[in-house]
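The values are calculated or read from the model by the stated rules, or taken from the named source; none is laboratory data. The structure displayed is predicted, hence computed values, not measured ones. Reconstructed Cβ throughout: ideal geometry from the backbone, glycine too, with neighbour counts over all protein chains shown. Heavy atoms of the whole protein, side chains included, go into the accessibility calculation; ligands, DNA and RNA do not. Shrake-Rupley method; radii C 1.70, N 1.55, O 1.52, S 1.80 Å.
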Amino acid sequence: QVQLVESGGGLVQPGGSLRLSCAASGFTLEYYALAWFRQAPGKEREGVSCIGSGDGGTYYADSVKGRFTISRDNAKNTAYLQMNSLKPEDTGVYYCLARGHCSVVAGPFEGDYWGQGTQVTVSS
């Protein structure tokens, strides 16, 4: 069964850090680009970052540049999002997406694999 499972979310104070993981099963992640999205209540799902399947080229939304780092470990069939200097506006449910090309357009598109999400809350 094809599955993506996010983990690593939780409650953190402003300025703190979290590392999210996205573990793939039932398919080989190295042949897919991996993107992270987030969604706050009442707001649209927005693209945060993406890492390509080929040369590993990356994209970051302006709101997270310099604070977040996306990476992947193909041997572990897992991707990561390191989040530093977290702000309250980073709060939301974070989803990972495996797609044939690097994109932060939500879609949906045929062939997309989505995880169920993990909650990130940044609050004092």
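Quickly work out the LEU11-to-ARG67 label distance, labels modelled 7 Å from Cα along the C-beta direction, and quote it in nm with one decimal.
2.0 nm
Ignoring any ligand, DNA or RNA, what whole percent of the accessible area of the chain comes from carbon and sulfur when the probe is 1.4 angstrom? Walk me through the numbers on the way to the answer.
Working: 3000 of 6400 Å².
After summing per-atom areas, the C and S share lands at 47 percent.
Taking amide H positions as placed in the peptide plane 1.01 Å from N, state which residues far from PHE68 in sequence (5 or more) or on other chains have amide H under 5 Å from it.
Those qualifying (amide H under 5 Å, at least 5 residues apart or on another chain) are ASN84.
Applying the Karplus parametrisation 6.51 cos²θ - 1.76 cosθ + 1.60 with θ = phi - 60° to the phi angles of the range 79-91, what ³J(HN,Hα) value in whole Hz is obtained for each residue in order, glycine and proline being reported as x?
With coefficients 6.51, -1.76 and 1.60, one gets 10, 9, 9, 8, 10, 10, 6, 5, 10, x, 6, 7, 4 Hz.
I need the phi-derived Karplus couplings for the range 57-69: 6.51 cos²θ - 1.76 cosθ + 1.60, θ = phi - 60°, integer Hz, Gly and Pro marked x.
x, 10, 10, 9, 5, 4, 5, 10, 4, x, 10, 10, 9
Where does the chain land on Rg(C-alpha)/(2.2 N^0.38 Å)?
Working: Rg = 13.4 Å, N = 124, 2.2 N^0.38 = 13.7 Å.
So the Cα radius of gyration is 0.98 times the expected 2.2 N^0.38 Å.
Scan around SER53 for amide H atoms under 5 Å from its own, H built in the peptide plane at 1.01 Å from N, and keep only partners 5 or more places away or cross-chain.
Answer set, sorted by chain and number: ALA33, CYS102.
Using the Karplus curve 6.51 cos²θ - 1.76 cosθ + 1.60 with θ = phi - 60°, what ³J(HN,Hα) values do you get for each residue of the range 99-115, in whole Hz, with x for Gly and Pro?
Per residue, the Karplus-derived 3J(HN,Hα) values read 8, x, 9, 6, 7, 10, 7, 5, x, x, 10, 4, x, 5, 10, 10, x Hz.
Put +1 on the Cβ of every Lys and Arg and -1 on every Asp and Glu Cβ in the chain; which of TRP36, TYR95, GLN13 then has its Cα farthest towards the positive end of the dipole?
Projecting each Cα onto the dipole axis, the largest value belongs to GLN13.
Using label points projected 7 Å from each Cα along Cα→Cβ, tell me how many nm separate LYS76 and LYS43, to one decimal.
Result: 2.8 nm between the two label points.
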